[in-house]
Structures are given as structure tokens and as C-alpha cells.
Amino acid sequence: MTRFPVFDATLLLQLLEDWQQSGRLRALDLALARFIRQQTATDDPLLLLSVALVSEAAGQGHVCLDLHTSLQQRQQLQQRLQPANTAQQQRQQCFVQWLQGLTLEAWLSSLSLSPAISDCRAAGDAWPERPLVLSGSNHSPLLYLRRYHQHEQQIQQGILQRLQQPLALPEAATQHLLQALFPESGSARLPTDQPDWQKISCVLAARHNFGIITGGPGTGKTTTVIRLLALLQGLQLLQQQPLLQIRLAAPTGKAAARLNASISRNVSSQPLPAALEQQLRAAIPTQVTTLHRLLGSQANTRHFRHHAGHPLPADLVVVDEASMVDVEMMARLLDALPPTARLILIGDKDQLASVEAGSVLGDLCQDALAGHYTADTCDWIQRITGEAPLDPQTGRLLLDEQGSAISQATGMLRHSYRFANHPGIGQLAATVNRTQPAAATEVLQLLESRDNLGCLRPEKNHWTRSFPQPTRPLTLQQAFHHLVVEGYRGYLQQLNQRPTTGQDDPEALQHWAQAVFAAHARFQLLAAVRQGDWGVEQLNREIRKALVTAGLLPAGNQQWYAGRPVLITRNDYSLKLMNGDIGICLDLCSDASPDQPAQLWVAFADEQGGIRWILPSRLQDAETVFAMTVHKSQGSEFEHTALVLPDQPGPVLTRELLYTGITRSSKDFTLVLPNPELLTGTLQNRVERASGLQPLFSRPKPD
Ligand SMILES: Nc1ncnc2c1ncn2[C@@H]1O[C@H](COP(=O)(O)OP(=O)(O)OP(=O)(O)O)[C@@H](O)[C@H]1O
């Protein structure tokens, strides 16, 4: 008796074709399965299914395929296709039966024998180089495309090597510098009964060659980093050592520009030890670059100028908005760092993960909330800072003798200073982000009761207090039009303030463009999805129409027009534009008469706050961005953010998406809910990305 019904590789490939034709599998995934069959002449359907699934998983942001979870969810595979004909139905039945009999052990033993797979669970490092890699444990095996496994290995080695030993900081000098750098410690500026987490996080990151400072919006991540840099440079000065060569970077141009502005502001106002003040102020860099530029991206290749063979000249690299860094970029960064260089990651662990595969910061910060500090770490923190890392709820030490090495170098900031004047946003973000999913009614109640929060839903609109209020009750569609017209009115009116000197006065043009960008940053509409009535594409068309009707944009169907905001969707090295950069099309013609032809240029704000002008015809990968996906908005901040959820359920509706959308706002936030029923599911769904980093960097879990 055969163990499985007759279900061979040919039948499996036909099934994958069925999936692909019905849009349930990418052509790329099917092609890879076919390629592997051709290369290995295999007849094993299990291998080919695994190849298609691991390739599909990578496309969905997973670093690997978690075989145990896939097997637990086998029903989803079995129901993937609604058969359209008898042949499909037979294949499907055969597949269901075959999958029914599959066990994890059988799957593992089949894969471990495959010539396409290196089984690196076997002892020793000398596994053959094959297209796929089997890793993880027997209970929780993980299947990788080889390059993702290599990225994880590089990350693991790069971090663990930096965490091996705590550095021996000179205690008296450190305490002396900390006193000057953290003048508010123990003062009324901190919430009562809470330790100074900024000070604790600062010293934890200073104590190792790798450190993480995580925290929600406005919790003082930038402030803490500046103090950390001042501490480290101060120690160098006090010990008569050369100053550290420090580089600051962020994943996108937008995030780099924001950090640039915030660092420059902060460095000049940061209290510094009097005796070292001048030297220290000069020793903290304020120039922030993108990771691509830092590593020396090269046009049309995945390679960077800096790598292990030609490392980056730096003693310390700080990466802000690290939640946006995918597994490949993190591996490349670690590869390019000299082995002795420090790396500090800054970011909000609760934000959406990177667009590309991986959720590196989230994986590294799994234990951050509960601290998990060993007794040695707790003692050291208390001795150096005079602060105790206490659980805010219980008031007990966040002590754990099993705490992982990374926990000893991770600090989480817990108090937001940003929302002191706009508490609604902080409260809403915290409610959405709670360990227990918040109830939709609680979230709606907050949205509809705070001055700086708003909610538009069928038959009920609550507007944020500072927003122009409609004069009559509006349907959801009308309310949405009111929202976008009033939201975008400010920057579109700024277009009329163009200097009359036109291109003869580049400085005046630059100031004008900066004013347009400043006005543009006051409002941004975000959407959860791209397709559908409430998806980015349809919303962009609709918003343009509404703005034309309101007389704020020129009528017509032309692709380029003054006021068109565009988002760059692919790195363009020749134009020095990065995926995620935002430009605004401006008419530079100084003569406002209608018969003058427009002189359209697209303005981009650079990382230093200057303006670069690019001709529209040179922009190949740019799309209108009146509405932007939440993913693309990461690293940006707007005074008033409005988030539109779709009217249909879908896997993208997660708590992380809602949290990320809310925390893009600095002042006002409005939620647009065409289907309020979806709020409950959105609050309950979590982003789960398979990766091998989680078990490596968390405390051992009891069996
Ligand atoms: N210890 C503190 N005492 C008083 N104000 C503080 C403190 N730390 C930070 N702030 C203020 O809070 C605001 C936010 O700080 P900061 O920009 O450092 O936070 P962040 O976490 O980097 O913010 P973002 O979410 O934008 O990345 C700033 O105005 C800063 O001056």
C-alpha cells in the first residue's frame, strides 16, 4: 500500500499552474518550482510544493517558510482553489488527500534528502551550496531561499560578535558625564514613579558594540542618541583618545531628512558638560545620509562599494527608523562595518515591518517590553545611573537570569514627550497597541471624544477641532471630499505665492518650494490598500477630481500639472532619487497669464533641507501621491494624518498598520471607516513574519 495517493511532480506542477492562473500564486513562484525540477530531475512533489511556497513566502515578506506553521494551516492550501472544471477538481481532491497524510517528519526527511537543499541542521559548517537551505530545529524547521539564509547568518554573526562581552566603561567618568547629560533625571519633568528610561537606554547602548534604543513616537529616541553620542565622545576626550568617527543613516531619504532636522535642532539645545561643551558640540555629527548612500550603492546592481573586503570608514554607525530596514539591507550593513565598529539601531519596534522581506527590528526587540535584564545588568545600571529598570505596572525590577545577550543591550523608552499638547494621539496609539487587543468601541469612543482626533463613518462624522468644520451634515462621500479639499488647500494655495522673478532668482524659488513643502507636510491621506474603491489608486483619481472641482488644481487630463505630488517608487541612482522620496510639481513660469506655457519642474527636498529641481520627463518611476499607502509613509510625519481603511476585509488590515498610520501624525489624526465592522478584526490581526532571527535573539522558551 502506498502511503500517499498517486500524486506526482507532474500533477503538482499542474496544480500550481491552476493556482497561478487563478491569481493564487505568482508566476515567479511557479517558474522557480519548474526550474528546480529541471535542474534536479526530481519526481518529488513535496520538494516542488516547498519551492513554490518558500518563494511565495519571500514575496510576502517572510524570510523563510515555517514548515510547522504551514502544516498547521494546511487547510488554507487545500482550499486555495475553487475548481473551475472536472480536471481541476480531480487534481484538487488528489492534493487534499495527499496533504492530509503528510506529517512534519515525512516532510523533513523528504527535504533533507533532496539534492536542491542544504540541510544545515546537520552538525558542522560544511554544507554544500544549494538553492534552498533547511534550518531551524526539528520542532520548528525553517526552509529558506539560500540568499535569505545567508543574510540571516550575516546578521546573527555581526550582532553576536558585537555582544560577546560588555565593554569596560570607566565608571567615574561615565557617571560624571551622565549627570550633565541627563539634568532632568529624578526631576518633575519625568512621570512620577518611573525610572529615567532614556538614561538607562543610553548606558545599555554604550556598554556594547551593538545596541538598540526602541520606543514609540516622541519618546526621545533622537534626544537619547545625541546624549549617547555625547557620552561616548566625552569618554574619548576624557581618556585622551581620538574622537570616534560617527556616521548617521536612515533607510529612506525622507527619514534621513527628518532626522537631520531633528538632530540639528537637538544638538544645539542639548545641555553638555561645561568643560567639554565646545569640543563635544563639534564632535556630534548632524549630517544624516541614507543607508544606500552610506554603503555606496552602485547603479543597476545589488552591490555596494563598502563590504567586508572594503569596509566603511567608521567607528560608530547609528541607524534611525530601523524598523524599515529589511533583512538584506541589515546584512549588507553588518557586512560593510569594520568588525570593531559599533552599531546602534533606533526605531519603533511596534511599527509595520520593512516593505521587503524580514522584520529585523521586531525580531530583535521581542523581549524589549519586559526588559529581561540579568542581575549583573541591573546592578550595573543602578551603579552607573542611579536608576532601577522597574516594571511600570508592578514596580518590580525587570530581572531575568535567562535574559538573552541582546536584551542586555536593548533599552525601551516608555514615555512620550511629543504628545504632551496633543494627548489624544499618544493615547490612541497606546490603546491600539495594547497586548490585549483593544475593543473597537473603545477606539471609536476615543476617536470621537478627543479634540485632535476625528472619525468619518457612514452617517456619523466627528471632525478634529482644528480642522475647518463643514457647515452641514455630510454623507461619508461628501465628508471625504471635504477632508481632502480642506486638507490639501493649504499647500495648493501656497503654489500661488510663486516669486515673480521666476527662474532669474533661484534663491527665491527655493524659499517658495520650501514653503510649499512645509504646507504640504500639514496633511496627508493614507490608505491601507492599493486596489478597490478605498485603495490608493482610486483615491488618487477621486482626490484629483475633488481638488479640480474646488478650483485648487487645473482641469484636464494631463499627466503633469502644477501641484501634483509624486512618490518615487524605484531608486534612480543617476538622479539621486530613492524609492519613497516625495516631490511636488511646480510651475516656474513667472508670468501668470493663462496663455503662457507652464514651465513644470518637480521639486524634491534633499536631506539637508535644500531643493533639487528635476524635469518631469526624467522621472520614470513616479506616481501621484495625494493618497499614500501606510507602508510608504513610514519614516514620515505630518501634522494631520487621515487614514482610510477599505470596505472589504483583507490580510493587510492589522494592528501594526493602524498603529503606524496613527503615529505618522504629530497633531491631528482622522480615521475614515467606510465599513466600521472591520475595525475589530484590524485590531486583532497581527503581522507575523517567519524568520530564524526570533529564536536566536529571544530568551530560551520553556518547552
Ligand atoms: N527627557 C526629556 N525631557 C523633556 N523633553 C524631552 C525629553 N526627551 C525628549 N523630549 C522632547 O520630546 C520631543 C520628542 O523627542 P525626540 O525627537 O527625541 O523623540 P523621538 O522618539 O526621536 O521622536 P520620533 O518619534 O519623531 O522619532 C522633543 O521635542 C524633545 O525635545
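Coordinate-derived values only; no laboratory data. Quick caveat, the model's predicted, so the values are computed rather than measured. Note that we place each Cβ from the backbone using ideal geometry, even for glycine, and neighbour counts take in every protein chain shown.
A few remarks follow.
- Difference of contour (0.36 nm per residue) and Cα-Cα distance, Leu575 to Gln469: 34.0 nm
- Taking the helices alone, the chain has a mean residue ellipticity at 222 nm of -12000 deg cm²/dmol, built from -39,500 (n - 2.57) per DSSP H run of at least 4 residues and averaged over all its residues.
- Under 13 Å from Lys667, Cα to Cα: aspartates and glutamates that are on another chain or at least 8 residues apart: Asp451, Glu637, Glu639
- In segment 9-154, Rg over Rh equals 0.96, where Rg is the alpha-carbon radius of gyration and Rh the Kirkwood radius from pairwise Cα distances.
- Listed residues Leu49, Leu495, Ser140: farthest to the positive end of the dipole of the chain (Cβ charges): Leu495
- GluC sites (Glu not before Pro) restricted to segment 627-686 and DSSP loop, no more than 13 other C-beta within 10 Å: Glu677
- Net +/- balance of residues flanking Pro676 in space, Cβ distance below 14 Å, scoring K and R +1, D and E -1: -3
- The peptide list 143-154, 39-50, put in order of mean Cβ contacts within 10 Å with the highest first, becomes 143-154, 39-50.
- Among Leu12, Thr86, His151 the positive-end extreme of the charge dipole of segment 9-154 (Cβ point charges): Thr86
- DSSP beta bridge pairing in the chain, given as percent antiparallel to the nearest 5: 40 percent
- Interchain or long-range residues, amide H under 5 Å from Phe523's placed H: Glu639, His640
- Electrostatic dipole magnitude of the chain [Cβ: Lys, Arg +1; Asp, Glu -1; Cα centre; debye, to 20]: 360 debye
- Loop-located trypsin sites (Lys or Arg not before Pro) in segment 342-412 (DSSP state other than H, G, I, E, B) with a sparse environment of at most 14 neighbouring Cβ atoms within 10 Å: Arg396.
- The GluC sites (Glu not before Pro) of segment 459-546 that DSSP puts in a loop, and whose beta carbon has at most 11 other beta carbons within 10 Å, are Glu459.
- Backbone HN-Hα couplings from phi across segment 132-139 [Karplus 6.51/-1.76/1.60, Hz, Gly and Pro as x]: 10, 10, 9, 9, x, 10, 5, 6
- Segment 304-378, Cα convex hull volume normalised per residue, Å³: 106 Å³
- Ranking Phe697, Gln538, Gln351 by how far each Cα lies toward the positive end of the dipole of the chain (charges on Cβ) leaves Gln538 at the top.
- Applied to segment 686-693, the Karplus parametrisation 6.51 cos²θ - 1.76 cosθ + 1.60 on θ = phi - 60° returns per-residue 3J(HN,Hα) values of 10, 7, 10, 10, 5, 7, x, 6 Hz, with x for Gly and Pro.
- Shape of segment 514-572 from the C-alpha gyration tensor: rounded (a/c under 1.5, with a ≥ b ≥ c the square roots of its eigenvalues).
- Relative contact order (percent, whole number), the chain, Cα cutoff 8 Å, 6+ residue spacing: 13 percent
- Near the amide H of Gly454, within less than 5 Å, lie the amide hydrogens of Phe669, Thr670, Leu671, all on another chain or at least 5 residues away, with H placed in the peptide plane.
- Amide H within-cut-off set for Thr629, under 5 Å, with H built and near neighbours excluded: Ala527
- Label-zone membership for segment 383-408, site Gln279, 7 angstrom Cα→C-beta point, backbone N under 18 Å: none
- Estimated distance in nm for a label pair at Arg302 and Gln157, the labels positioned 7 Å out from Cα along Cα-to-Cβ: 1.7 nm
- Length-normalised contact order of segment 307-429 in % [C-alpha pairs under 8 Å, at least 6 apart]: 21 percent
- Relative packing of 516-525, 261-270, which averages over residues the other C-beta atoms within 10 Å, highest first: 516-525, 261-270
- Look at the alpha carbon pairs under 8 Å that are at least 6 residues apart: their mean separation over the length of segment 9-154 gives a relative contact order of 23 percent.
- Hull-based mean projected area of the chain, where the convex hull spans the alpha carbons, in square nanometres: 34.8 nm²
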